[in-house]
Amino acid sequence: MLFNSLTFAIFLPIVYLLYRGLPFRGQNRMLLVASYLFYGWWDWRFLFLMIVSTVLDFWTGLILERAKMTKAQVWQPLAFLTAGALLLVGCHFGALCRTLVGMPSDGPIVSAVMPSVLLYLPLGLGIAALLFRWLSGLPEDKRRKYSMILSMCVNLAILATFKYFNFFVDSLVSALNEVGIAAAPRHFNIVLPVGISFYTFQSMSYAIDIYKRELKPAERFLDFALFVAFFPQLVAGPIERARHLLPQICNPRTLSFGDTTRGLMLILIGLFKKIAIADGAAMTVDQIFNSTGSVSWLEVVVGTVFFAAQIYADFSGYSDIARGTAKLFGVDIMVNFRLPYFARSPRDFWNRWHISLSTWLGDYLYKPLGGNRGSLAFTCRNLMLTMLLGGLWHGAAWNYILWGAFHGTALSIHRVMTHGKGRPDRPDGRIEAVAKTLGFGLVTLYGWLLFRAHSFDQVAVFTRTLFTGAGGLRLSASLPPLSALLGILVLGTWEIGQYRAGGDGRFYQRYPAWTVGLFMALMVFLLVMGMSNAPAQFIYFQF
């Protein structure tokens, strides 16, 4: 289900009205059902993967804390897992739902894999029971260590199989062919589950925090299931931490008029970014980067600049809608973007862009590798490894790894240049700040070229064109529509005001109501104008 769809426009008010009429426990159960419906709208079969991760990490958290579980903590997840296997894997769920509501079915209800489900489900549960008995009999330190290893291996195996298996097979086959060894790829005919990287990392962080004794495990399975599946941020983040989101789910929430109005305003801003700017810029970007002919210097520049606008408006727009939707239910989700294009250095950029991922990588990868606790070379190695894996997180393609290596190199160079200097004694002056922002802005733009390119060959051609000026000022691609061009101007003006206010997200409250109203009306006007743009899927859905 897309945030910018008519389906969601109907779905959200229904869920909100049901939420307002239910007691606390009923609210959580209803939100869990709504979240599964929201995710299953794309492909109901992949709900089973989410249930597997949910059950695994719920049990892992309890085993890490203690060697015993209550009956409810055993049987509720077990019933969830069994029902998920039978309904989502063993049946054609769509045909089953049509039959239940009296509609004509489009196929048989029972899937051809049902016999396999009936065989492997008891086998898998039996193995899980034996593992639990084995783990519960170990000394505490070994129980915690082996439980954590098991959880990590299963989660990463699921992620690697669905997201990276075909990529690694193709890369291996290409390498073998290059050295003269004939090999043909064997692929899994599978579709990448939407948002698998986001909810897998969120679920893993829960178990890791319990292992580090920074968090107590959830006692109620349905509360934890809602933490994993909470629909506003399920598909494209932010990647929430359990210590921030889980207490809000486990305890009664209060709704205020201020939170509601702030939530609606964030939804409006997010839709404006997505529909008016991102979808409008997508046409120009696609024309240039999908071109099979020669491109000019101006086309490379235009395509890269508008992609920078597209990906920011697209991704931060999703995060704004997610935060706004969560606020309607009294839940506060972390800020994922803080004016990233005002960054003055690589480190500053990653403190502003996709903050939930950069802090996740910092806490669970960079710091365990050693962080900056060793020599300068050791620190640069850790930065490079972290960014390489951060690039790979974005997708199974070499251009993402190249983009990660580029940012890892930029961070390492910045670390070398600032090593031993400590903190500056004075803040940057206005001219110096503008110069640093513009200078690093060029670095960021080239990084987006690497991110958007289809192949190494396209990276090489575009880079050569960029630095030689080949093709001159020829522009065969069409410019974005007026909604995108004016939208970029309006968004830039809005963010300059926020930047001048120290980055405060509520900076507009300092201005007269008529000024804010004018900006909101302009955003609504451009949003309506942008509805004529060809709708595009959110970019980060593929990650």
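The values are calculated or read from the model by the stated rules, or taken from the named source; none is laboratory data. Treat the numbers as computed from the prediction; the structure is a model and nothing was measured. Cβ atoms come from the backbone with ideal geometry, glycine included; neighbour counts cover every protein chain shown. Quick note on the areas: whole protein, heavy atoms, side chains included, nothing else; ligands and nucleic acids left out. Shrake-Rupley method; radii C 1.70, N 1.55, O 1.52, S 1.80 Å.
Worth a mention:
- The set of residues from region 346-361 being more than 18 Å from the chain's Cα centre (by Cα) and surrounded by fewer than 20 Cβ atoms within 10 Å (Cβ to Cβ) comprises 347, 348.
- Residue within region 293-300 that is within 19 Å of residue 485 (Cβ to Cβ) and open to solvent by 10 Å² or more (accessible area, probe 1.4 Å) present: yes
- Test for residue 3: is it assigned to a helix (DSSP H, G or I) and of a type in the set (Phe, Trp, Tyr): no
- Taken over region 335-345, residues that are assigned to a loop (DSSP other than H, G, I, E, B), within 17 Å of the chain's Cα centre (by Cα) and surrounded by 18 or more Cβ atoms within 10 Å (Cβ to Cβ) amount to 2.
This table checks each residue for (1) outside any loop (DSSP other than H, G, I, E, B); (2) in contact (Cβ under 8 Å) with a residue 24 or more places away in the chain; (3) more than 30 Å from residue 319 (Cβ to Cβ); (4) open to solvent by less than 20 Å² (accessible area, probe 1.4 Å).
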| site | (1), (2), (3), (4) |
| --- | --- |
| 22 | no, no, no, no |
| 25 | yes, no, no, no |
| 61 | yes, yes, no, yes |
| 76 | yes, yes, yes, no |
| 84 | yes, yes, no, yes |
| 88 | yes, yes, no, yes |
| 96 | yes, no, yes, no |
| 103 | no, no, yes, no |
| 107 | no, no, yes, no |
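- For region 384-402, the tally of residues that are open to solvent by less than 20 Å² (accessible area, probe 1.4 Å) and without any contact (Cβ under 8 Å) to a residue 24 or more places away in the chain stands at 1.
- Test for residue 45: is it more than 30 Å from residue 264 (Cβ to Cβ), among the basic types (Lys, Arg) and open to solvent by 20 Å² or more (accessible area, probe 1.4 Å): yes
- Residue in region 498-507 that is of a type in the set (A, V, I, L, M) and either part of a loop (DSSP other than H, G, I, E, B) or at pLDDT 90 or above (or both) present: yes
- Enumeration of residues in region 1-59 that are of a type in the set (Val, Ile, Thr) and over 17 Å from residue 82 (Cβ atoms): 7, 10, 14, 15, 33
- Count of residues meeting criterion [within 23 Å of the chain's Cα centre (by Cα) and more than 21 Å from residue 357 (Cα to Cα)] in region 203-221: 0
- Top-ranked residue of region 205-243 - restricted to ones that are under 27 Å from residue 540 (Cβ atoms) and basic (Lys, Arg), ranked as most open to solvent (accessible area, probe 1.4 Å): 243
- Search result, residues across region 109-146 that are part of a loop (DSSP other than H, G, I, E, B) and under 20 Å from residue 47 (Cα atoms): 109, 111, 112, 113
- When the test is whether a residue is among the basic types (Lys, Arg) and farther than 29 Å from residue 505 by Cα, residue 344 does not pass it.
- Within region 85-139, the residues that satisfy the criterion of being closer than 22 Å to residue 50 by Cβ and of a type in the set (Phe, Trp, Tyr) are 93, 120, 132.
- Residue check, residue 293 in contact with an Asp or Glu (Cβ under 9 Å, 6 or more places away or on another chain), of a type outside the set (Asp, Glu) and in a loop (DSSP other than H, G, I, E, B): no
- Residue list for region 38-54, restricted to those being modelled with pLDDT of 90 or more and more than 15 Å from residue 202 (Cβ to Cβ): 38
- Some residue of region 484-496 being modelled with pLDDT of 90 or more, of a type outside the set (Ser, Thr, Tyr), within 30 Å of the chain's Cα centre (by Cα) and outside any helix (DSSP H, G or I): no
Yes/no per residue for (1) free of Cβ contacts under 8 Å to residues at least 40 places away in the same chain; (2) open to solvent by less than 30 Å² (accessible area, probe 1.4 Å):
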residue: 404; (1), (2): yes, yes
residue: 409; (1), (2): yes, no
residue: 417; (1), (2): yes, no
residue: 430; (1), (2): yes, no
residue: 443; (1), (2): no, no
residue: 446; (1), (2): no, no
residue: 449; (1), (2): no, yes
residue: 473; (1), (2): no, no
residue: 481; (1), (2): no, no
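- Looking only at region 119-138, and only at residues there that are open to solvent by 70 Å² or more (accessible area, probe 1.4 Å) and more than 34 Å from the chain's Cα centre (by Cα), the one that is farthest from residue 216 (Cα to Cα): 119
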